[in-house]
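Input: a single structure, listed below in structure tokens.
Values in this text are rule-based calculations from the coordinates and carry no lab data. Here the structure is a predicted model, which is why all the values come from computation and not from measurement. Cβ placement follows ideal geometry from the backbone for every residue including glycine, while neighbour counts extend to all protein chains displayed.
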Amino acid sequence: MSLILKLFFFAVSLSPTALLMGWDGHLTWTLLDGVGLSLTLTPLAAFFLLLLALAAPLVALPMLRRPADWPSLALYAALLAGMQLLLLAGDFVSFFIGWEIMTWSSYLLLLRSPRTEMATSQSYILFNLASAFLLLAGIMVFYGLTGSFDIRPLVGPTQPQQLALALLFGLAFLIKVGTLPLHIWVPRSYDEAPDIFSAFLSAAISKMGVYGMILLLTLFPEALTGLYGRLLNGPAAGYLLAWVGVITAIVATYKAISQEDMKRLLAYSSIAQVGYITTAVGVGSSLALGGALYLALVHTLVKLLLFISVAGIVLQTGQRRFNDLGRLIERMPISFFGVLIGIIGLAGMPPLPGFAAKYLVFVSLVDARWLLLLAAMILSSTAAFIYCYKLIYAPFLGHANSAGAREAKEAPWPYLVPQVILMALLFGLGVFPGFAIEVLIDPVLTALRMAPLGGSSWAVLTTAYGGYDGVVLMSVFVTAFVLVTGLFLLLRGRMRRAGSPYDLSYAGEVPTEETPLHYGAGMGRELRRIPLVGWILRHSSQGFYLGLTRQMRAAAGLLGGFYAGNPQTWILLAVVVFAVVLGLQAVTGGI
Amino acid sequence: MHAILDSLAMIGVSYIMGFLFYGFYRQLNARVQRRWGPSIWQNFFDNMKFFFKSETLVHGPMFFFGPMIIMAGAFTTVLFVPFLKDSNWLQGYSQYGNLILIIYLLVVGPLGNALAVGSSGNPFGVMGVTRGLTRLMGLEVPFFLGLGLVMLQHETTSVHAIMAAQDGLAHWGIVTNPIAFCVILLPFIASQNGSPFDVVGAPVEVYAGPRVEFGGRLLGVLMTQNMMMSIAKLVLVTDLFLGGATNILVLILKAFALFVLTTAVSMVFPRLRTEQAVDFFWKVPLGLGVLGVILTVWLPWSA
Amino acid sequence: MTMPLTPVWFIALPLLLAFASPLWVRLRLLMPLLVGTPAALLALALGLLPAVRTAPLLETIVIAPPLGIHLQLDSASWLLVALINFAGVVVGAFLWLGETEPYLRERRAFILILLLIAGCNGMVLTGDLFNLYVFLEIAGVSAYALSALRRDAPALEAGLKYLIIGSVAAIFFLFAVVLIYLQTGNLSLAAVARGFSEIPGPMQMLIGLLMLIGLGIKTELFPFNFWVPDIYQGSHPAVASLYSGILVKAFLFVLFHLVFLFLADPGVAGAWLMGLGAITMLVAETVALRQEDLRRMLAYSSLGQIGLITLALGFGVESTTAGGLFHMVNHTLVKLLLFLTAAILLRSFVSARIADFAGAGRARPLAGALFVLGALAVMGLPPLSGFASKLWILKGFAEAGVFWPVALILLAALIEAGYYFRWIKVLYEPRTEVAIEPSEGRWAYLPIGVVAGLIVLLGVAPFLVDDLFIEGARSLLDRTATLVAVLGAGS
Amino acid sequence: MYHKTQREGFQCEGSQCEQALLETGSPVDEARQGVLDQLVSWMRKRSLFVLAYGTGCGAIEMRPLMTSRFDAERFGIIGAATPRQADVLVISGYLAIKTLKRVIRSYEQMQEPKYVIALGSCTINGGMYWDSYNTVKQVDRYLPVDIFINGCMPRPEALIEGFVALQERIARGEKGGFHRYRENIDWYKANQRRVLGDQMPPAYTYDWYHAGGAA
């Protein structure tokens, strides 16, 4: 029985794939009084559906591991249904319905974790609902303008209308992708969510915000250029959005570096990565959108890989803090490779596809002549090396710091299979950077009436600014590696294996297990001595939201005072209101 | 066949240039300090000595593969930087790459090695790595901004195209885009681990930093890649700003001139702390870069 | 002899059965009849539906209007009648199947509930102002008594408070009725409506104000709703579900029925009501943020929804009105669900305070899931029915190009989410030592499950019923049609 | 000369053994005298990375040696930061027992081929600390010293001479002291244990040698 149910859920998790393969045509469903849902699959949505199709089964597999949490699985199914509805939406009502189903089902999934705190769940749901309601407000404005809920370019809106729409929709999607300063719900919820579900949150759900942003671009026929004039050498709105994205990326990167917890680090890194995507969307050219989509693809793969590996570590060691882990490379080698490939992709190092994506974005920034943005983006993507290193060093290298880390075994196969698949995908995409462009991204760009980016073959990535060949790069590197290793081993002399992990050059001292050798959570702490970084790390927007909450509670208390249980007051109030209104009428000459 | 010979030639040239340049550097340094200094071949001897150490300590497989990765990275980097222009030789695979790729390739190796450092379990090594990454974060911003100015100027990321555009002294990058050259100069020194910015491997403070656990042949590998990588960077900057070179002698000459310029800076300035270095990069070279952006992009005549 | 199936049964049947209650005690038919009566009335309503959709049904009691008393079952009041009786069925079934406390299963409770249903049906159906007052008192008095039924201090206090404030409301209303009678000489609604515009302006104002305060207290509008939380908290949740699900809805209907009927141009009154609705909504939702007692929280939430409905109905446009009526139905369903689930939870856990509920959802998964469903529906999250009606309301405002209510409604929904999700979180708090009692009364879930199913069904397929609401809105808004129907074409 | 068979229970005839040890050079490693080996030896000779263990007053003499005045770098002699990178361990002066532990540890962490140069009389016979309760009198009972440089203190010129002597030995292909250490590890360890007691450094090298590890 349980096996059949599990198979059923796995089949459900394959539904995005089935949809992607099998969907053709159009479906409508009347809701009420002239409001209908129309479902259709645009190329843009198909791209994001692909991301969902990648994420859903890979996340489902570890979730199905015994003991299965049935409510989680049911909610996961609802979540997938909502997200597919959202992607298939041909009109804003179904878009919103999908959006909301996604919101509440993911919230309820968040509650399945024993670690979720009230503040976390509240901030998650309130921010996401705020996003949803902004979206709904935007939809209403859109409906007021066009008289229809269909998603289609807006013809001839006035500037204030455009601005209102862009603000409402834009804020909604920016909350969802978690840009600064609307991001504070992200780290804590990614951190405290069930470990596997964090992967889905980061890989798939945040992409829906990206989908929304690109969708928003399509609402305005002349994209960002028409909106609010030009500034410097580009569209002002795009410029603003790009800076929002890049500042998000920078701040989130530094926050990520200072984290002491694996999942929280990954959460901040997600914010940063989505910040890049936001920047690319802000640039808005064909190159940049191609880069944004590419980044989204890579980020999905990478974050799935990293969160699943980390979930495996947490499962096997029971530890999630950097200080409590270490030296797992010997005990969990496959997870090590998972995280390794993941951080290479995350850092955007060649030859993995993260580089291809970043290359497109960098080139698009040069193309747009936004060099300061380029520099800012470089700042955050180089600073990202530090947290990437921290992510692999603290759990896998160094010294084991807890009983859990000392005795861990390799993660069970439902965790390893997705990792291996993802590693293979990343590797393949890295060797053939043109594949993703030509097969996945170009249809979207064509549908958005932009110039496609496809090159002569899948091996190359070409732009007007030059490109590179993934196959050559990979073969040169691999050949060099084999050659170097071979030559090295040919040299005379013997390798001597260190007698113990504590056989270290330590100024003649003899470190022991008690010596604090593991440079885990402290890594990057000295960065706060750099004035700019220190300033960033000292400040937080949390105070603002806490203040808002406090004010709200104070207001609630104040107003709640009226509801004291005293009938005399009630009656007095009724009479007073009566008298005052009559009196006012008398004074103003009504009577 | 040509490709293989060419690759071997590039690796050989960069290695020989590497140890000779560094030998010269040690000589020059000694003379500045009023010493005789070692022979110009000293780096070669040191390197060979390490390669022929009879014992090499390893801390596990990752510790072994780290230097292999960094060496492979150095080879790849060298092979993706065109050494000469208008020539069939010393091109490697540079037509398959571009400037941004090279900049990233420069980092691949060190990051691979950082894994080895981490797996050694020596906190000093990891401290050094963190410092290195911090410095990298500081220097990349102005460095990339300067390169961005170059890419914008030539509207390409292809090093070949940039080289080809610098036809004659008047079109050298250093003449047509002096700000970009000034912007990248100091970060370039830092990327070469040059003196004011060499706190990463501070011998006493962090016990040689990332290299703390490496000895024997592995250290030899690290030395080799360091020399080759330095040459790759020198050649790259030569290509971008000094018009490239049509034959090997010109290449050596130009690279040497650039090398002397950077070493002259290195020799007279004392070491900065990491955060001082980063702060410096974000103030002086970056400020200069922003000025460059204002001049070349923002102002009305430039758009 | 065939009994004609006329609207009068909606009032007569519960009254008759209630007064014959000793018989039912003897026959052990008390509980079946508690369910059966509203069920029969619901069936009657469904049977009358085709007729109602073609034309309003008028039932003259003694003499024809404008002099006599009559009942009017049009599309709008049909909705309310069906709703009231459906709620009656659900609550009755819950009391019967759910093994509730004995005092709710005795004769007194039986009588009072049937009286309440009769009163509400009467209020909705009547076409006569004084009759309206009478039914208002019937419903009110039975409600006071229902509150006090438990006979412990909080219940008695709630009953007494309810009695006091209810009487005050009735007095205001009565004053208004008296003034209207003095001014127009009529008590038939239609006749009054015809003559209302001839009343001098200040007097209209005064009548309006009295009405507003009287019905405002009853319909729980700010600033006349300070009594609500106390009463809801003191009463049994099943009873509270009747208040929130039936009584208030009936009063709301009466309020808007009167407004749209009496005033040729309801603009000013509508604006007032919209303002009051908006304030009610925002204040109630805000105050609910800090409630630590489940029943109190639900009471405030109820107030907030009432505010929303008032806001929607006050706008007086067909689609917002239809949406408002739909939302009335949905809110009743949701509040039935929530209060009845609360009743189940309250039976299992010590108190209704938030701290004592930690982990309740994990100990009672079904009740927890139902609560979550209700909460999602009340916040208007798709694919549940609350969303459909809210969308309808918002769409109405957007069509009219009026965006401030949209903003306020969404803001209120956000605040509402702030406390509902707090409760949900507490409900699913991981707690190791949850005392899992043998779960008794699985049958209690049956009526709740039916309601939940309906909520989902109406959320997914609201097109099944949207005609009813459009017609209801039309008949509520179309003053002349009513006047013509009642008084004849010549009026 | 010290072989396991001769060494049971430290029954060596007091100072005679040690004197013999001091006087005898190491034999040339006959097995390794090919062209490549000579080349390698020459490279090794030209590049000595020094781990200067500044234990006593001799540390003062290392500074002028390394800096402009005497410029050891012209011989290819340069400081190394960590034992892993060093070829030569310079014990510059008397060794307290506390320091001995660190010195042994550092020596064992160096990669072969590795050499030890001991400066000053203190390392030979205790020098002016001959009757100290806390000083190691004869360093080569604990570590295989390749070159002793006599003097109190030896001047940098003497140090250079010592280094050059070491370089010549290396160039000749003589077996370095590390061979002796490996072959007589039990004896050295026993000596070390006698002074260090339970403060012994970890036995990584000991275990390695006994597991058959050889260069």
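For the segment C:405-411, counting C-beta atoms of other chains within 10 Å of every residue's C-beta and taking the mean gives 4.
Between amide H atoms placed 1.01 Å from N, distances below 5 Å from D:Leu51 occur with D:Ala80, D:Asp87, D:Val88, D:Leu89, D:Val90, all of them 5 or more places distant or on a separate chain. Using the Cβ of C:His257 as centre and a radius below 14 Å, the other residues enclosed give a net charge of +1, where K and R count +1 and D and E count -1.
If R0 is 30 Å, the Cβ-Cβ spacing of C:Leu29 and C:Leu160 corresponds to a FRET efficiency of close to 0.40. Would you list which lysines come within 22 Å of C:Lys425, measuring only between C-alpha atoms, while excluding same-chain residues fewer than 8 positions from it? The qualifying lysines are A:Lys176, A:Lys263, C:Lys335. How far is helix A:413-431 tilted, in degrees, relative to the longest principal axis of the Cα atoms in chain A, given as a value from 0 to 90 rounded to the nearest 10? Taking the Cα atoms of chain A, the angle to A:413-431 is about 80 degrees.
Principal-axis analysis of the Cα atoms of chain C puts helix C:9-19 at an angle of about 60° to the longest axis. Here r is the Cβ-Cβ distance between A:Val587 and A:Thr549 and R0 is 51 Å; the resulting FRET efficiency, rounded to 0.05, is 0.80. Peptides C:6-19, A:23-36, ordered by how many other C-beta atoms sit within 10 Å of their residues on average, highest first, read C:6-19, A:23-36. Packing around the peptides A:129-139, C:391-401, D:163-173, taken as the average count of other Cβ atoms within 10 Å per residue, puts them in this order, highest first: A:129-139, C:391-401, D:163-173.
Taking every residue in B:25-38 and counting other chain Cβ atoms within 10 Å of its Cβ, the average works out to 3. Each of A:Ala579 and B:Asp167 was given a label point 7 Å from its Cα along the Cα-to-Cβ line. The distance between the two points is 9.8 nm. Model label sites at D:Ala59 and B:Ser87, defined 7 Å from Cα along the beta-carbon direction, differ in position by 5.1 nm.
Electrostatic bookkeeping for A:Phe396 treats Lys and Arg as +1 and Asp and Glu as -1; over the other residues with beta carbon under 12 Å from its beta carbon, the sum is +2. A simple count of charges around A:Ile139, restricted to other residues whose Cβ falls under 10 Å of its Cβ and scoring Lys, Arg +1 and Asp, Glu -1, yields 0.
For the pair the range C:365-407 / the range C:216-277, the C-alpha centres are spaced 19 Å from each other. What is the distance in Å between the Cα centres of the range B:251-283 and the range B:1-47? Value for the Cα centre distance between the two parts: 19 Å.
Straight-line cross-link partners of D:Lys98 among the lysines, defined as a Cα under 17 Å from its Cα and at least 8 positions apart when in the same chain: D:Lys137, D:Lys189. Between the amide H of D:Glu174 and those of D:Asp29, distances stay under 5 Å, these residues lying 5 or more places away or on another chain, with hydrogens modeled in the peptide plane. The charge dipole of the protein assembly as shown, taken about the Cα centre with unit charges on the Cβ atoms of Lys, Arg (+1) and Asp, Glu (-1), comes to about 2560 debye, rounded to the nearest 20.
Pairs of Cα atoms nearer than 8 Å and 6+ residues apart set the relative contact order; for the range D:100-139 it is 30 percent.
Projecting the Cα positions of A:Leu372, D:Gly120, B:Val278 onto the charge dipole of the protein assembly as shown (unit charges on Cβ atoms of Lys, Arg, Asp and Glu, taken about the Cα centre) puts D:Gly120 furthest along the positive direction.
For the cross-link pairs A:Lys303/A:Lys358; A:Lys358/B:Lys85; C:Lys249/C:Lys390, the ones whose C-alpha atoms lie over 19 Å apart are A:Lys358/B:Lys85.
In this structure the amide hydrogen of A:Arg494, modeled in the peptide plane, comes within under 5 Å of the amide hydrogens of B:Glu55, B:Thr56, none closer than 5 places in sequence on its chain.
Built from the Cα atoms of the protein assembly as shown, the convex hull projects on average onto 69.2 nm², one quarter of its surface area.
The fewest-to-most ranking of B:Asp167, A:Asp69 by surrounding Cβ atoms within 10 Å reads B:Asp167, A:Asp69.
Hey, what angle do you get for helix A:43-63 against the long axis of chain A, alpha-carbon based, 0 to 90 degrees rounded to 10? Roughly 70 degrees between the two axes.
Between C:Trp96, C:Leu44, C:Ser241, the Cα set farthest toward the positive side of the dipole of chain C (charges on each charged residue's Cβ, about the Cα centre) is that of C:Trp96. Charge dipole of chain A (Cα centre as origin; +1 on each Lys and Arg Cβ, -1 on each Asp and Glu Cβ, all else neutral): 1040 debye, rounded to the nearest 20.
If only the Cβ of Lys and Arg carry +1 and only the Cβ of Asp and Glu carry -1, the dipole of chain C around its Cα centre is close to 780 debye.
When the charge dipole of the protein assembly as shown is built from unit charges on Cβ atoms (+1 for Lys and Arg, -1 for Asp and Glu) and taken about the Cα centre, the candidate among B:Val265, C:Leu57, D:Leu143 whose Cα reaches farthest toward its positive end is D:Leu143. Hey, what did the range C:269-407 get for relative contact order, percent, Cα under 8 Å, at least 6 apart? Relative contact order here is 25 percent. Counts of other chain beta carbons within 10 angstrom of each beta carbon in peptide A:334-344 average 1. Distance between the pseudo-spin-label points of A:Met1 and A:Val155 (7 Å out from Cα toward the beta carbon): 5.9 nm.
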